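I have placed the structure first, in the form of structure tokens, so that the comments after it can refer back to it.
The values are calculated or read from the model by the stated rules, or taken from the named source; none is laboratory data. Quick caveat: nothing in here was measured; it's all calculated off a predicted structure. As a convention, Cβ positions derive from the backbone with ideal geometry for all residues, glycine included, and neighbour counts pool all protein chains shown. Heads up: the accessible areas ignore ligands, DNA and RNA and are worked out on the full protein's heavy atoms, side chains in. Shrake-Rupley method; radii C 1.70, N 1.55, O 1.52, S 1.80 Å.
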Amino acid sequence: MKTSTLAAERRSKLAAAMTAAGVDVLVAYGNGWQGDYLMYVSDFPILEGHGLAVLTPDGACRLYLDSASEIDRATAETAEVEVRFSQQIGRDVAADLKARGNVRVSAAPLAFVPFGLIENAPGTIGDATAIVDACLMHKTPAEVDRVRKAAQTADEAYVIFRQAAQEGRKQYEVVAETESWLRAHGVADNFMLIGSGGTDIRSVTPPSNRRLAKGDNVITELTPAIEGYFAQICRTLVVGKASDAQKRAYDIYIEALEAGIAAVKPGALASDVARAENDVFRKYDMGEYVTSAYTRVRGHGLGLFADSKPHILEDVDIELKPGMTFVVHPNTYNPNVGYMMLGDSLAVTETGHEVFTKTARVLFDGAA
């Protein structure tokens with residue numbers, strides 16, 4: 001098995017960044033929840049346990065995994081990577097680094113690497129988080145295309161979700177039907193949350209046995225991955241006929257989404273996008289509901305993880321550059337009708353932005 005073109009492209013880009021930063025050895029950590037740093041280096045989408053990948057600028061990569069069940073899969077699926085099983089990956093990677101002699105080592109994300117590595121390393125380990133973050137955020141055209149394809153899949157899956165979201169059905173049944181369709185269409189991973197109800201619903205959660213009732217808002221963020229790259233769609237539908245109050249409320253979300261997307265261009269900041277969204281809510285005397293008491297972010301990065309940098313917040317001044325991909329979503333609580341969601345995936349281009357999501361920006365209901 002040869003390294004895929006995309007994996008080789010990523011390693012070459014990271015190797016150049018390592019050389020420019022004076023890093024001789026880079027150690028990347030990942031686990032079953034967040035594996036984007038590890039996958040960028042090793043091309044291995046870890047599902048369980050913990051992993052550390054050791055990379056040198058010549059492209060040589062050694063992957064340590066502490067889950068025996070992952071070893072065979074890593075060996076079969078990962079090209080030109082030396083795979084090693086270790087029940088103490090921190091200690092064993094530290095021994096690996098000692099054997100390399102006097103080298104400059106950095107890790108990403110440094111804050112999450114096992115303590116055994118920090119404790120036993122031959123010297124101080126530098127922080128390479130920003131180096132890898134830059135590679136993760138600033139994608140190549142091939143990477144952007146994977147996100148574009150994932151967004152198309154998300155659009156298609158939302159049709160299935162809408163069809164499944166019928167009165168009397170349980171949340172987990174709706175999610176299961178959507179997941180089944182995704183798996184049948186070759187999607188290996190999907191991050192998905194759901195909520196249903198009225199003013200009692202404050203956000204989305206994993207699916208429960210709560211039944212959908214007439215008049216409910218049914219909210220979801222649906223985030224499938226294509227070849228490891230995630231895209232997200234956020235939408236709200238109403239079981240039965242939407243009320244005038246629900247329609248009026250959703251018009252604010254539509255306006256906020258359009259304002260946020262309009263702010264996306266090279267040279268703008270993540271904070272500019274968040275502020276454009278939030279200002280719409282402030283215009284309608286809903287500024288309280290864009291605070292952390294009611295919502296988390298106004299969007300976030302997409303790529304090898306479903307919720308990565310840049311986070312779209314008014315205090316995040318990361319500059320937007322071509323190749324960045326993220327979701328813009330003015331999701332928050334509305335005191336009159338409950339939590340509502342609306343969000344599109346997009347990329348920053350040389351001249352502005354490209355919106356990947358094609359699903360209509362409407363409040364879906366039985367009449368839509």
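Run down GLY366, GLY323 and say which single residue is at positive phi and of a type outside the set (Lys, Arg).
Values: GLY366 fails: at positive phi.
Result of the check over GLY366, GLY323: GLY323.
Go over the candidates VAL218, VAL175, VAL159, VAL187 one by one and state the one that is modelled with pLDDT of 95 or more, more than 23 Å from GLY35 (Cα to Cα) and outside any helix (DSSP H, G or I). So that I can check it myself, show each step before the final result.
Details: VAL175 fails: outside any helix (DSSP H, G or I); VAL159 fails: outside any helix (DSSP H, G or I); VAL187 fails: more than 23 Å from GLY35 (Cα to Cα).
Answer to the selection: VAL218.
Does region 269-288 hold any residues that are over 22 Å from ILE233 (Cβ atoms), touching a residue at least 12 places away in the same chain (Cβ under 8 Å) and either more than 23 Å from the chain's Cα centre (by Cα) or open to solvent by less than 10 Å² (accessible area, probe 1.4 Å) (or both), and which are they?
Those that are over 22 Å from ILE233 (Cβ atoms), touching a residue at least 12 places away in the same chain (Cβ under 8 Å) and either more than 23 Å from the chain's Cα centre (by Cα) or open to solvent by less than 10 Å² (accessible area, probe 1.4 Å) (or both): SER271, ASP279, TYR284, MET286.
For residues in region 297-322 being touching a Ser or Thr at 6+ places or on another chain (Cβ under 7 Å), more than 15 Å from VAL264 (Cβ to Cβ) and in contact (Cβ under 8 Å) with a residue 60 or more places away in the chain, which is surrounded by the fewest Cβ atoms within 10 Å (Cβ to Cβ)?
Ranking the qualifying residues of region 297-322, first place goes to ALA306.
Within region 181-193, is even one residue surrounded by fewer than 21 Cβ atoms within 10 Å (Cβ to Cβ), among the aromatic types (Phe, Trp, Tyr) and closer than 30 Å to LEU6 by Cβ?
There is at least one residue in region 181-193 that is surrounded by fewer than 21 Cβ atoms within 10 Å (Cβ to Cβ), among the aromatic types (Phe, Trp, Tyr) and closer than 30 Å to LEU6 by Cβ.
Every residue in region 254-285 that is outside any loop (DSSP other than H, G, I, E, B) and β-branched (Val, Ile, Thr), please. Give the steps one after another, and end with the answer.
If we filter region 254-285 for residues that are outside any loop (DSSP other than H, G, I, E, B), which is where we start, we get 254-262, 269-283.
ILE254, ILE261, VAL273, VAL280, listed by residue number.
Being buried (at least 22 other Cβ atoms within 10 Å of the Cβ) and more than 29 Å from ALA293 (Cβ to Cβ), is that true of even one residue in region 214-224?
Scanning region 214-224, I find at least one residue that is buried (at least 22 other Cβ atoms within 10 Å of the Cβ) and more than 29 Å from ALA293 (Cβ to Cβ), so the answer is yes.
Taking the options ALA367, ALA360, name whichever one is at pLDDT below 95, of a type in the set (A, V, I, L, M) and assigned to a loop (DSSP other than H, G, I, E, B).
On the way: ALA360 fails: at pLDDT below 95.
None of the others qualify; the one that does is ALA367.
What's the total number of residues in region 286-309 that are part of a loop (DSSP other than H, G, I, E, B), within 23 Å of GLN34 (Cα to Cα) and of a type outside the set (Ser, Thr, Tyr)?
Residues that pass the stated criteria total 10.
Please state which of the following conditions ASP251 fails to meet, knowing it meets all the rest: (1) part of a strand (DSSP E or B); (2) open to solvent by 50 Å² or more (accessible area, probe 1.4 Å).
The one condition ASP251 does not meet is (1).
Kindly list the number of the only condition in (1) over 18 Å from PHE230 (Cα atoms); (2) in a loop (DSSP other than H, G, I, E, B) that fails for ILE312.
(1)
State all residues of region 232-241 that are more than 14 Å from GLY197 (Cβ to Cβ) and open to solvent by 10 Å² or more (accessible area, probe 1.4 Å); if no residue qualifies, say none.
LYS241
Table: residues versus (1) touching a helix residue (DSSP H, G or I) at 6+ places or on another chain (Cβ under 7 Å); (2) within 22 Å of LYS358 (Cβ to Cβ); (3) at pLDDT below 95.
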| position | (1), (2), (3) |
| --- | --- |
| TYR250 | no, yes, no |
| ILE254 | no, yes, no |
| ILE261 | no, yes, no |
| PRO266 | no, no, no |
| ASN278 | yes, no, no |
| ARG282 | no, no, no |
| ASP285 | no, no, no |
| TYR289 | yes, no, no |
| VAL297 | no, no, no |
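Scan region 323-336 residue by residue and report those that are part of a loop (DSSP other than H, G, I, E, B) and either free of Cβ contacts under 8 Å to residues at least 60 places away in the same chain or within 18 Å of the chain's Cα centre (by Cα) (or both). I'd like the intermediate steps shown before the answer.
Narrowing region 323-336 to residues part of a loop (DSSP other than H, G, I, E, B): 323-324, 329-331, 333-336.
Across region 323-336, the qualifying residues are GLY323, MET324, HIS329, PRO330, ASN331.
Does region 221-245 hold any residues that are part of a loop (DSSP other than H, G, I, E, B) and modelled with pLDDT of 95 or more, and which are they? I'd like the intermediate steps shown before the answer.
Residues of region 221-245 part of a loop (DSSP other than H, G, I, E, B): 227-228, 231-232, 239-243.
Across region 221-245, the qualifying residues are ALA231, GLN232, VAL239, GLY240, LYS241, ALA242, SER243.
Going through region 134-150 one residue at a time, which ones are assigned to a helix (DSSP H, G or I), open to solvent by 20 Å² or more (accessible area, probe 1.4 Å) and touching a helix residue (DSSP H, G or I) at 6+ places or on another chain (Cβ under 9 Å)?
Of everything in region 134-150, those that are assigned to a helix (DSSP H, G or I), open to solvent by 20 Å² or more (accessible area, probe 1.4 Å) and touching a helix residue (DSSP H, G or I) at 6+ places or on another chain (Cβ under 9 Å) turn out to be ALA134, LEU136, ALA142, ARG146.
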